[in-house]
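Written below as structure tokens is the structure these notes are about.
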Amino acid sequence: MADNGKPKTDQLDQLESGPWPSFVTEIKKAAETNPVCNDLLGQLELSYEEKKGHWKHGGIVGVLGYGGGVIGRYSDVPEQFPQVAHFHTIRINHPSGWFYTSDALRTLCDIWERHGSGLTNMHGSTGDIIFLGTRTEELEPVFKELTENGFDLGGSGSCMRTPSCCVGQARCEWANYDTMAMCNQITHDYQDELHRPPFPYKFKVKFAGCPNDCVASIARADLSVIGTWKDNIQQDAAAVAEYAAGGLDIQKDVCDRCPGKCMDWDGSNLVIRNGECVHCMHCINVMPKALRPGKEKGAVLLLGSKAPIVQGALLSSVLVPFVPAEELLDTLKELIGRVWEFWDEHGKNRERVGELIQRVGMASFLDAIGLDPVPEMVSAPRDNPYIFFQAEDTK
Amino acid sequence: MTVQPAKRITDIGPPHYEKFLHPVIKKNYGQWRYHESPAPGVLCHVAESGDRIYTVRAGSPRLLSIHSIRLFADLADKYSGGYLRFTSRNNVEFLLDNPDNIEPLKKELLANNFPVGGTNNSISNIVHTQGWVHCHSSATDASGIVKAVMDALCDRFTNENLPAKLRIALACCLNMCGAVHCSDIAILGIHRRPPKIRHDVLPKICEIPTLIASCPTGAIRPATVEGKQSVEVINEQCMFCGNCYTVCPALPMNDPENDGLSIWVGGKVSNARSAPKFSKLAIPFIPNNPPRWPEVVDAVVNIVNVYAQHARKFERMGEWIERIGWPRFFKLTGIEFTRYHIDDFKNAGLTYARSAHLQY
């Protein structure tokens, strides 16, 4: 294959200065050992000159027996940049919490050095390890080496996408359930749905240990599992006093910021009316030494969030207000099963679960999955009188 | 005797995280008591047992060569027993049991141009998408704008001097594979012209009914062009989402003169204090101006600075704007309010001002 050598990159070179680490420098580093990256630089420079992308619409490529995990990518100027004529992306399911050992990272690097560009994303938006750029004939060999070393592909297309979670109980005192265990378990329990797209569109699950939601589950997952607690905030009065002595204005910075207005501070004692707490995390965030989530831990399950395409962006909304931590796995699997069954039957092509609920109505959706309506599901009851009364409720 | 091919391994899922956990983390899993923030980019988590694990966080460009990943591996071997992780915002974190290693590790990270920070009330790394590096539908590049913006805001990454945390995200088209719609500041690539229709190839490579159904506003209808089945687009109904292009490559959206960026503000995902909320439109359009997009950088820096100057302690961008009101946001930032800021999609009326609560 023609080797263009090192391209002229007047524009990209300008992105190598400045204090923030440069992706251009990363591509150039990779180009020192893999000439493919020279053509990537060349094509990218062309995009910078012309102000437009030069990748063709995807193509169907993958590994045997899987319907996803590889995104086909082809250059629209392959004559000019033959080394990136094929430049497919491989998604690799990351370990829960994105924890690695140095050896595990080196193993991944070695595999990718043998079979691809040497460029990655650590990590992609959904959470996968992304191997950026290889040829069709390398897909099976890279897959073989990955699986021999204990890694598997992630999701793409209309499948259960690679679930992800926050750091959880591994390094956070606020995790109200074991996010990493739950993420790992659900990922393994739905390998078929992850690798062989069976749905109308994508389905994402994200596990956050507390309402701070460090994995953005409420905005980015069809099923958002957010840890919370039911009983009283654990309070260490001495530590509260320490924060006050240290200069924290507890009235202004804690009590006045509380959305439930459930805290009183008289200058020496902090009183929390836990029944009025909305579990927002603010006071705990401000005084991590003094306050902690309660002991009756679990999660709230919310459904339906997504980015704008097709019918508009949605945030997830409450479906089950509280599930005790010890019942979480079974409840999730039961719920996932019922949601998928309804979506399978009624979802249109490229219709996310949240959009389906908007189309058929939450009440019909609840009927279908067998959940009773509860006031926690709404910010307010309806304010229009167009009620679809059901025949069986009338005489 | 025939040689059996080696068994093909499939559906093994990700490796179990447990084998990647630092011994101190394994021992104290689920038993963390509290944490402290000794310095920007450094966290100290204390367990019930009294054990401590120190985290040193550094920014990465997300697009990493295996050379840099190997550097991280070497640094982990040298300073953190070989244990490290990445965050949901593309930072790398080294997990140390020996606090004496914090400063030498920071020094080596800095020497290799990886800034240490991104904790508490700082601007963490910008979550972003592939852009011209690897995407077919992008209206702009991603990595280049992120690099230029973070160059200008790097001090806000390495210091914790904002009223609250500030999260920036960039998506290079409305598909938002980096969902940016709930960010303090979102930079969003947009198209502004309807797709061009390649009638020559359309019937060969696209299913026309699927294509017609893909349009959220019903702007695509069947048409016969030069005797061939194709489609036409009612331009007035097109809001340039690009969904048709996703299902049919014969409707390209790319338009160098008209593609560009929009800026959105005030979203959040955390439930702390106020409920999670969407980002709202601040600037409808800024042209693509590679390689450093100075107009975008200036716009973002301006919004950050005005926020830093005016917001009260603990107020996220959206909470600050809700307190002062949108008219004052536009006044303070000097951003022009236009017809494009008023919603005209579904349920638009919900964002009209429906009270006499006004400030003069």
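The values are calculated or read from the model by the stated rules, or taken from the named source; none is laboratory data. Because the structure is a prediction, the values reported are computed rather than measured. So basically every Cβ, Gly included, is an ideal-geometry build from the backbone, and we count neighbours across all protein chains shown.
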Open item on the list: Of the residues A:112, A:98, only one is more than 26 Å from residue A:204 (Cα to Cα), of a type in the set (A, V, I, L, M, F, W, C) and at the interface with another protein chain (Cβ under 10 Å from one of its Cβ atoms); which?
Closed with: A:112
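So that you can scan it fast, the table gives a plain yes or no per residue for (1) over 21 Å from the mean Cα position of the chain (by Cα); (2) at pLDDT 95 or above:
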site: B:299; (1), (2): no, yes
site: B:314; (1), (2): yes, yes
site: B:318; (1), (2): no, yes
site: B:325; (1), (2): yes, yes
site: B:334; (1), (2): yes, yes
site: B:337; (1), (2): yes, yes
site: B:348; (1), (2): yes, no
- [ ] Could you give me the residue pairs with C-beta distances under 9 Å whose first residue belongs to region A:378-395 and is within 18 Å of residue A:358 (Cα to Cα) and surrounded by 10 or more Cβ atoms within 10 Å (Cβ to Cβ), whose second residue is at pLDDT 95 or above and not β-branched (Val, Ile, Thr) wherever it lies, and which are 6+ apart or on separate chains?
- [x] A:378/A:317; A:378/A:362
- [ ] Could you list, in sequence order, all residues of region A:127-151 that are facing chain B (nearest Cβ under 8 Å) and either within 24 Å of residue B:131 (Cβ to Cβ) or touching a strand residue (DSSP E or B) at 6+ places or on another chain (Cβ under 8 Å) (or both)?
- [x] A:127, A:132, A:133, A:151
Task: Breaking point among (1) touching a helix residue (DSSP H, G or I) at 6+ places or on another chain (Cβ under 8 Å); (2) facing chain B (nearest Cβ under 9 Å); (3) not in a loop (DSSP other than H, G, I, E, B), for residue A:182 - done: (2)
TODO: Kindly list the number of the only condition in (1) outside any helix (DSSP H, G or I); (2) in contact with a helix residue (DSSP H, G or I) (Cβ under 9 Å, 6 or more places away or on another chain) that fails for residue A:194.
DONE: (1)
Task: Residue match in region B:271-290 (condition: of a type in the set (S, T, N, Q), part of a loop (DSSP other than H, G, I, E, B) and in contact with a Phe, Trp or Tyr (Cβ under 7 Å, 6 or more places away or on another chain)) - done: yes
TODO: Kindly indicate the residue of region A:24-67 that is more than 9 Å from chain B (Cβ to nearest Cβ) and within 28 Å of the chain's Cα centre (by Cα) and also surrounded by the fewest Cβ atoms within 10 Å (Cβ to Cβ) among those meeting that condition.
DONE: A:60
TODO: Looking only at region A:213-223, decide whether some residue is of a type outside the set (D, E, K, R) and farther than 19 Å from residue B:179 by Cβ.
DONE: no
Task: Among the residues listed as A:250, A:226, A:233, the single one being among the β-branched types (Val, Ile, Thr), without any contact (Cβ under 8 Å) to a residue 60 or more places away in the chain and surrounded by 15 or more Cβ atoms within 10 Å (Cβ to Cβ) - done: A:250
TODO: Pick out the one residue from B:156, B:167 that is of a type outside the set (A, V, I, L, M, F, W, C), more than 8 Å from chain A (Cβ to nearest Cβ) and in contact with a Leu (Cβ under 8 Å, 6 or more places away or on another chain).
DONE: B:156
Open item on the list: From the list B:84, B:95, B:64, B:75, exactly one residue is more than 7 Å from chain A (Cβ to nearest Cβ), crowded, with 18+ Cβ neighbours inside 10 Å, in contact with a helix residue (DSSP H, G or I) (Cβ under 7 Å, 6 or more places away or on another chain) and free of Cβ contacts under 8 Å to residues at least 40 places away in the same chain. Which is it?
Closed with: B:75
Open item on the list: Tell me whether region A:10-27 contains one or more residues that are in contact with a Phe, Trp or Tyr (Cβ under 8 Å, 6 or more places away or on another chain) and of a type in the set (Ser, Thr, Tyr).
Closed with: no
Task: Hits in region A:335-363 (condition: away from chain B (no Cβ under 14 Å) and under 15 Å from residue A:205 (Cβ atoms)) - done: A:335, A:336, A:337, A:338, A:339, A:340, A:343, A:353
Task: Which listed residue, of B:42, B:56, is more than 7 Å from chain A (Cβ to nearest Cβ), in contact (Cβ under 8 Å) with a residue 40 or more places away in the chain and crowded, with 24+ Cβ neighbours inside 10 Å - done: B:56
Task: Residue that is nearest to the other protein chains (Cβ to nearest Cβ), among those in region B:283-318 that are within 21 Å of residue A:286 (Cβ to Cβ) and touching a strand residue (DSSP E or B) at 6+ places or on another chain (Cβ under 8 Å) - done: B:316
Open item on the list: Against the conditions (1) crowded, with 24+ Cβ neighbours inside 10 Å; (2) over 18 Å from the mean Cα position of the chain (by Cα), where does residue A:128 fall short? Just the number, please.
Closed with: (2)
Task: Residue, surrounded by the fewest Cβ atoms within 10 Å (Cβ to Cβ), within region B:252-271, restricted to residues that are at pLDDT 95 or above and among the aliphatic types (A, V, I, L, M) - done: B:263
Task: Residue selected from region B:16-33 under the condition closer than 25 Å to residue B:125 by Cβ and without any contact (Cβ under 8 Å) to a residue 60 or more places away in the chain, by the criterion surrounded by the fewest Cβ atoms within 10 Å (Cβ to Cβ) - done: B:17
- [ ] Quickly run through region A:364-392 and pick out the residues that are over 30 Å from residue B:212 (Cβ atoms), in a helix (DSSP H, G or I) and modelled with pLDDT of 95 or more.
- [x] A:366, A:367, A:369, A:375, A:376, A:377
- [ ] Run residue B:124 past the list (1) surrounded by fewer than 24 Cβ atoms within 10 Å (Cβ to Cβ); (2) within 23 Å of the chain's Cα centre (by Cα); (3) facing chain A (nearest Cβ under 10 Å) and report the number of the one that doesn't hold.
- [x] (3)
Task: Unique match (being under 30 Å from residue A:206 (Cα atoms), of a type outside the set (A, V, I, L, M) and free of Cβ contacts under 8 Å to residues at least 60 places away in the same chain) among B:271, B:289 - done: B:271
Task: Criterion: surrounded by fewer than 16 Cβ atoms within 10 Å (Cβ to Cβ) and touching a residue at least 24 places away in the same chain (Cβ under 8 Å) - qualifying residue of A:221, A:241 - done: A:241
TODO: Of all residues in region B:142-173, count the ones that are in a loop (DSSP other than H, G, I, E, B), more than 12 Å from the chain's Cα centre (by Cα) and of a type in the set (A, V, I, L, M, F, W, C).
DONE: 2
- [ ] Please find, within region A:286-334, the residue that is farthest from the other protein chains (Cβ to nearest Cβ) out of those that are in a helix (DSSP H, G or I) and buried (at least 20 other Cβ atoms within 10 Å of the Cβ).
- [x] A:332
Task: Sole exception among (1) at pLDDT 95 or above; (2) crowded, with 21+ Cβ neighbours inside 10 Å; (3) under 18 Å from residue B:286 (Cα atoms) for residue B:180, by number - done: (1)
Task: Residues located in region A:152-165, provided they are in a loop (DSSP other than H, G, I, E, B) and more than 7 Å from chain B (Cβ to nearest Cβ) - done: A:154, A:155, A:156, A:157, A:158, A:159, A:161, A:162, A:163
